[in-house]
């Protein structure tokens with residue numbers, strides 16, 4: 001029986017990772033967190049519906065050592081703790097030292113792209129280390145791989161995500177989002193590097209069946225990984241948005257205050273802004289969307305656009321960033337996962353893999369070609 005250890009296993013996304021994994025009969029799932037009471041309570045809740053064996057542990061992603069992981073005899077560790085902008089590779093190195101496979105849900109650009117520095121260590125230990133097993137770059141790259149073959153030439157990729165307002169991201173995820181507001185970063189646009197600012201570039205995007213939402217610039221690993229993979233790509237753009245227009249425009253306004261130097265640490269506002277969001281939870285809905293649009297030329301050199309859209313209802317949207325880690329962890333536990341080494345989660349599973357994993361949820365897909 002393979003043991004999968006989920007750090008942050010009762011948090012915003014880790015709880016969903018744990019809940020999906022306990023459906024597998026040949027696994028033992030260890031729900032781990034910094035608080036014993038919270039981990040134990042959630043493990044007990046899962047045990048009532050689980051097909052796997054469920055236990056809990058107290059483990060901190062920042063201070064965990066190889067002997068801590070070894071003592072739990074875990075074969076795969078999923079790091080769902082976040083925020084990854086402030087984390088080192090200490091936990092990944094601890095997994096390598098313990099001979100345990102490592103997967104995380106990071107979407108922090110430098111963290112995900114830099115994971116390759118552990119490649120030699122991971123190969124020597126015979127373990128797989130994967131960063132970014134989330135909506136981006138995990139799912140986004142699977143979508144691009146599924147449809148890029150329809151184009152003779154891929155010129156541009158436009159990715160967007162907008163969750164429903166009912167989702168509670170928790171303080172850590174909120175702080176992670178706020179940390180990038182108003183900060184400059186590079187994008188590949190029109191064949192050259194340009195500078196944009198977090199939560200600026202305000203625009204509207206219409207999701208089928210959900211409606212139009214405000215979207216803004218957000219820094220993600222895809223901005224580096226996609227131009228390196230698709231060498232003829234000229235433009236990569238990623239936008240994110242919150243459902244309630246007043247919340248989104250407030251973040252856009254905050255980005256200007258940060259850029260002007262009037263607010264130096266927007267992440268410190270996370271508890272206050274999340275508190276306001278919770279009090280106004282009745283606004284908006286439980287529906288979220290994700291889109292990946294490919295622009296290019298077909299075999300006849302005619303311009304073509306392929307727009308893939310995911311629509312999540314009934315509050316199932318937060319399972320989307322959780323599922324890539326579930327797919328990869330089950331493979332590694334079964335001995336069929338990726339080869340030893342450290343890499344970003346770039347095209348490590350297929351779009352049909354993802355669709356099969358979410359088939360029981362209220363998540364629908366649409367592809368529009370023009």
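A few comments on the model shown:
- Among the residues of this structure, residue 142 counts as one that is touching a helix residue (DSSP H, G or I) at 6+ places or on another chain (Cβ under 6 Å), surrounded by 16 or more Cβ atoms within 10 Å (Cβ to Cβ) and closer than 20 Å to residue 220 by Cα.
- Restricting 81, 18, 88 to those that are in a loop (DSSP other than H, G, I, E, B), within 25 Å of residue 135 (Cβ to Cβ) and in contact with a strand residue (DSSP E or B) (Cβ under 6 Å, 6 or more places away or on another chain) reduces the list to 81.
- In the stretch 59-72, the residues that are within 24 Å of the chain's Cα centre (by Cα) and surrounded by fewer than 19 Cβ atoms within 10 Å (Cβ to Cβ): 60, 62, 63
- Test: residue in the stretch 340-361 that is assigned to a helix (DSSP H, G or I), buried (at least 21 other Cβ atoms within 10 Å of the Cβ) and in contact with a strand residue (DSSP E or B) (Cβ under 6 Å, 6 or more places away or on another chain): no
- Taking the conditions (1) assigned to a helix (DSSP H, G or I); (2) over 20 Å from residue 111 (Cβ atoms); (3) in contact (Cβ under 8 Å) with a residue 40 or more places away in the chain in turn, residue 365 satisfies each one other than (1).
- No other residue among 97, 211 is surrounded by fewer than 23 Cβ atoms within 10 Å (Cβ to Cβ), on the phi > 0 side of the Ramachandran plot and either at pLDDT below 95 or in contact with a helix residue (DSSP H, G or I) (Cβ under 6 Å, 6 or more places away or on another chain) (or both) apart from 211.
- Total residues in the stretch 73-92 satisfying the condition of being more than 26 Å from residue 268 (Cα to Cα) and surrounded by fewer than 18 Cβ atoms within 10 Å (Cβ to Cβ): the figure is 1.
- Looking across the stretch 285-299 at every residue that is surrounded by 20 or more Cβ atoms within 10 Å (Cβ to Cβ) and under 19 Å from residue 242 (Cα atoms), the one that is nearest to the chain's Cα centre (by Cα) is identified as 290.
The values are calculated or read from the model by the stated rules, or taken from the named source; none is laboratory data. Remember, it's a predicted structure, so these values are computed and weren't measured experimentally. As a convention, Cβ positions derive from the backbone with ideal geometry for all residues, glycine included, and neighbour counts pool all protein chains shown.
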